[in-house]
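Have a look at the structure below before the remarks.
The values are calculated or read from the model by the stated rules, or taken from the named source; none is laboratory data. No experiment lies behind these values; they were computed from the predicted model shown. Quick reminder, even Gly has a Cβ in these numbers, built from the backbone with ideal geometry, and neighbours come from all protein chains shown. Just the protein is used for accessible areas: all its heavy atoms, side chains included, with ligands, DNA and RNA removed. Shrake-Rupley method; radii C 1.70, N 1.55, O 1.52, S 1.80 Å.
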Amino acid sequence: MAMQWKELLNANRMRQSSVPTDHREQFERDFDRAVFSTPVKRLQDKAQVFPLEVHDAVRTRLTHSLEVSSVARGLGIAAGKWLLAQKFIEPVQMRSVEAIAATCGLLHDLGNPPFGHSGEDAIREWFKDRHDQDPADFRKQLGEDDQRVQDFLQFEGNAQTLRLVAKLQILADYYGLNLTYGTLAALCKYSAPSHEVDKVGDDAARKKPGYFASENELIASIRAETGMGDQRNPITFLVEAADDIVYSVADVEDAVKKDVLTWAELMELLGDKTLAPVAEALKRTQSILKSDGSGDPVEELRDDVCASAFRTGVIGVVVKSVNQAFVQHHESIMDGSFKKDLTSVCSAEPLVSRLKTIGKKHVYCTTSTLKLELMGRRVIRELMDVFWEGVEQLSPDEPPKPFRFPGKIATLLSDNYRRAFRRARGKHPDVPETYHRFQLLTDYVCGMTDSFAKRLHAELFNG
């Protein structure tokens, strides 16, 4: 059954707000809640590509997320105008599409642990080591439930994002940021539970876990409220495209700023410049660099200036192409038969693909980056070793007693995460105790910033 925009743009919340309404729509209030939230602030000290970067012009997860939000907002504006022209939405709902896209762009990386994707790998490895020591016992501790087992063996930052905004950002209650169903639906980048992931299939929405077993009830509510089913929300396609656009070119721009690549090397790696999207991006770049009318050649400008102009040119080309792809595939997106990403089917795909290849081969594998990733891996694994000793023996009913080492360790855990643990255990007594404790551990580690994790590790292990 095809999705309907009227249902998708559901402004209701899990807990209806008693705060007086104002000039903002509910989806715009979602954006403002996100901006002022603690997890968003922590993104300023989480790596985008280069961990613990001292160069203040190089992106962190926060600057990356702001850029994705900006591009997603633009895509949402264009989509909203077209949807209105086609009478799929009402005039007031144009603002809704734009606001949801911007909010999800800002939140899309919120659940990532310290040190980026290498941090996710380290968490998965830690659980895999425990599993491999005694697979039967590991499964028994989690109630012989495939989803609970895979929640940890395939730990995923996107699934942690949903958990964080809906449950862990505790203020006066346990509804997290209490976002609208419309925003929560679009925030779900992946649609499969952890035990039904299909990494080799054609459906992009099922290549990674979209949610944990602890959020099964929440997912059911979101799908029922928005009529989304297990399909991917159409605004999710726009946000994912914004992420692809931004990281593919911005990571390369940062590499030039850090002298990992020169402008000349980047131009050589770009390959065939006669390809239409590549040629158009370079034409836009030249136009930006010669905006004073002097006709100064690119070669006389600093490499970082050229790279910034190139980033602007690329974004302009790919955004236009993605807008066209969204319109072209709208019907199949709404009926759930579209299984790809918009950047993979748009006319600018050769440009995006080339930039991603440059990133993989020449940016993410630099010696300095690999060293920091290895350091981050060790930091996370050893912190998990230490804190598991406290989490494993934490009393669910009493405050930690710092008289023995497990109690001392548990005392260091976040009060918020301990409260979430106690609530989950009380609300779902049928779920194995180990599952709740594993989640307390991952919640705490994922909430750390890069610098905090490194500093805490140094304090605990080096004195």
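Structure above, values below:
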quantity: Cβ pairs under 7 Å, 6+ apart, first in the range 118-140 and open to solvent by less than 70 Å² (accessible area, probe 1.4 Å), second of a type in the set (S, T, Y) and in a helix (DSSP H, G or I); calculated: I123/T442
quantity: Residues of the range 1-22 satisfying the condition of being modelled with pLDDT of 85 or more and open to solvent by 70 Å² or more (accessible area, probe 1.4 Å); calculated: Q4, K6, E7, N12
quantity: Residue in the range 68-80 that is in contact with a His (Cβ under 7 Å, 6 or more places away or on another chain), surrounded by 20 or more Cβ atoms within 10 Å (Cβ to Cβ), at pLDDT 95 or above and under 21 Å from L179 (Cα atoms) present; calculated: yes
quantity: Residues located in the range 376-424, provided they are hydroxyl-bearing (S, T, Y) and within 26 Å of the chain's Cα centre (by Cα); calculated: S414, Y417
quantity: Residue that is modelled with the lowest pLDDT, among those in the range 234-277 that are of a type in the set (A, V, I, L, M) and outside any helix (DSSP H, G or I); calculated: V260
quantity: Selection within the range 1-18 - of a type in the set (K, R) and over 13 Å from L179 (Cβ atoms); calculated: K6
quantity: Residue within the range 222-238 that is of a type in the set (K, R) and surrounded by fewer than 23 Cβ atoms within 10 Å (Cβ to Cβ) present; calculated: yes
quantity: Those residues of the range 301-339 which are farther than 30 Å from D202 by Cα and free of Cβ contacts under 8 Å to residues at least 12 places away in the same chain, in sequence order; calculated: R302
quantity: Single unsatisfied condition, T103 versus (1) polar (S, T, N, Q); (2) open to solvent by less than 10 Å² (accessible area, probe 1.4 Å); (3) farther than 22 Å from I315 by Cβ; calculated: (3)
quantity: Residue list for the range 167-196, restricted to those being modelled with pLDDT under 95 and in contact with an Asp or Glu (Cβ under 7 Å, 6 or more places away or on another chain); calculated: L168
quantity: Among (1) touching a helix residue (DSSP H, G or I) at 6+ places or on another chain (Cβ under 9 Å); (2) open to solvent by less than 30 Å² (accessible area, probe 1.4 Å), the one test that Q150 misses; calculated: (2)
quantity: Per-region count, the range 140-179, residues touching a strand residue (DSSP E or B) at 6+ places or on another chain (Cβ under 6 Å), under 16 Å from E120 (Cα atoms) and part of a loop (DSSP other than H, G, I, E, B); calculated: 2
quantity: Members of the range 364-387 found to be in a helix (DSSP H, G or I), touching a Lys or Arg at 6+ places or on another chain (Cβ under 9 Å) and surrounded by fewer than 20 Cβ atoms within 10 Å (Cβ to Cβ), listed by number; calculated: S368, M375
quantity: Residue, surrounded by the most Cβ atoms within 10 Å (Cβ to Cβ), within the range 434-463, restricted to residues that are in a helix (DSSP H, G or I) and without any contact (Cβ under 8 Å) to a residue 12 or more places away in the chain; calculated: R455
